[in-house]
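**Q** Handing you a structure now.
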Amino acid sequence: MTSRPNDEAMAEIYRDDPDLALHVINSILEDGDQAELLIVLRQMTKAFGGVPTVAEKANLNPTQLYRTLSPSGNPALRNFSAILKAMGLRLSVTPVSSV
């Protein structure tokens, strides 16, 4: 049995279960953990055809997308929305539940 990097394994899971990917992204957005968000976006980018494919669909330069998704990346809202749209997703706003 060979070992696979975690990103590749997660990309396969997200490819096979897009609803899980949606749930994970929403959970991360609720928590506000940018580092975790970038990790999942990288994994989802692999699941949706890789950087060249997602960059083309998002109308971004592949180098720009690599930088945006790097551990030190800080995606602008416009780029974040374009990346999600390339994956068939969109950003939305919902009211915070009262405690």
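**Q** Could you please state how large a percent of the accessible area of segment 36-99 is carbon and sulfur, counting protein chains only and using a 1.4 Å probe?
**A** 54
**Q** Over the chain, average the accessible area per residue using a 1.4 Å probe and give it in Å², no decimals.
**A** On a per-residue basis, the chain sits at 68 Å².
**Q** Quick one, which of [x] 7.5; [y] 6.1; [z] 9.2 is the actual mean projected area of the Cα convex hull in nm² calculated for this model?
**A** It is the one labelled [x].
**Q** Further question on the same structure: Given contacts defined as C-alpha pairs under 8 Å and at least six residues apart, what's the relative contact order of segment 1-53, whole-number percent?
**A** 48
**Q** Starting from the Cα of Asn59, step 7 Å toward the Cβ, then list every residue of segment 67-99 with an amide N under 13 Å from that point.
**A** The answer is 78-79, 81-83, 85-86.
The values are calculated or read from the model by the stated rules, or taken from the named source; none is laboratory data. All values derive from a computational prediction rather than experimental measurement. Every residue, glycine as well, gets a Cβ built from its backbone with ideal geometry; the counts of neighbours run over all protein chains shown. For the accessible areas, the whole protein counts, side chains as well, though only heavy atoms, and no ligand, DNA or RNA atoms are used. Shrake-Rupley method; radii C 1.70, N 1.55, O 1.52, S 1.80 Å.
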